[in-house]
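Notes follow once the structure below has been shown.
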Amino acid sequence: MDKLHELNYKLDLSSESDSDEEMNELLLLYSLSKRNKSIWKSAYMKKRKSHGEFILTSEFSDKQFTNYFRLNRNQFNEVLSIVNDKIYSVGCNAQKPIDPEEKLAVFLR
C-alpha cells in the first residue's frame, strides 16, 4: 500500500482511537507524503538567476536605474555596503540564497 493510501486509511482510523503512537505514525506518514513537493525544485525558482527582474536591472541606463530604485548606482552601492552584513545569508544544500544586492533591490522597489 503506498504512503498516501496508507495515510488516508490511518485518517479514517484516527477518529476511533486517540493513542499517541498512532498520532505520531500519522504525522510521520503525512510529512513523508509532503516531502516530494519541494518549492525549491520548481522550474520558476531554477530560472531566477537567468530570468529574474533583478538581472534585467543591470542593463538599465543610469537614468532608468535612478528612476527604478530612486537611488543612483553610487548611492545604491553605498547603502548596500552599510546593510550588507545584516542581510547576507549563508547558503545550504537545498538552494543558493538570495544575494544581498537582490534583497536590497526588492526592498527599495
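Descriptive notes on the structure:
- Looking across the range 66-91 at every residue that is in contact (Cβ under 8 Å) with a residue 12 or more places away in the chain and either in contact with a His (Cβ under 9 Å, 6 or more places away or on another chain) or in a loop (DSSP other than H, G, I, E, B) (or both), the one that is most open to solvent (accessible area, probe 1.4 Å) is identified as R70.
- Complete set of residues in the range 36-63 that are modelled with pLDDT under 90, more than 14 Å from V106 (Cβ to Cβ) and open to solvent by 100 Å² or more (accessible area, probe 1.4 Å): N36, K37, I39, W40, K41, Y44, K46, K47, H51, E59
The values are calculated or read from the model by the stated rules, or taken from the named source; none is laboratory data. All values reported here derive from a predicted model rather than from experimental measurement. Cβ coordinates were reconstructed from backbone atoms using ideal geometry, including for glycine residues, and neighbour counts include every protein chain displayed. Just so you know, the surface numbers come from the protein's heavy atoms only, side chains and all, with ligands and any DNA or RNA stripped out. Shrake-Rupley method; radii C 1.70, N 1.55, O 1.52, S 1.80 Å.
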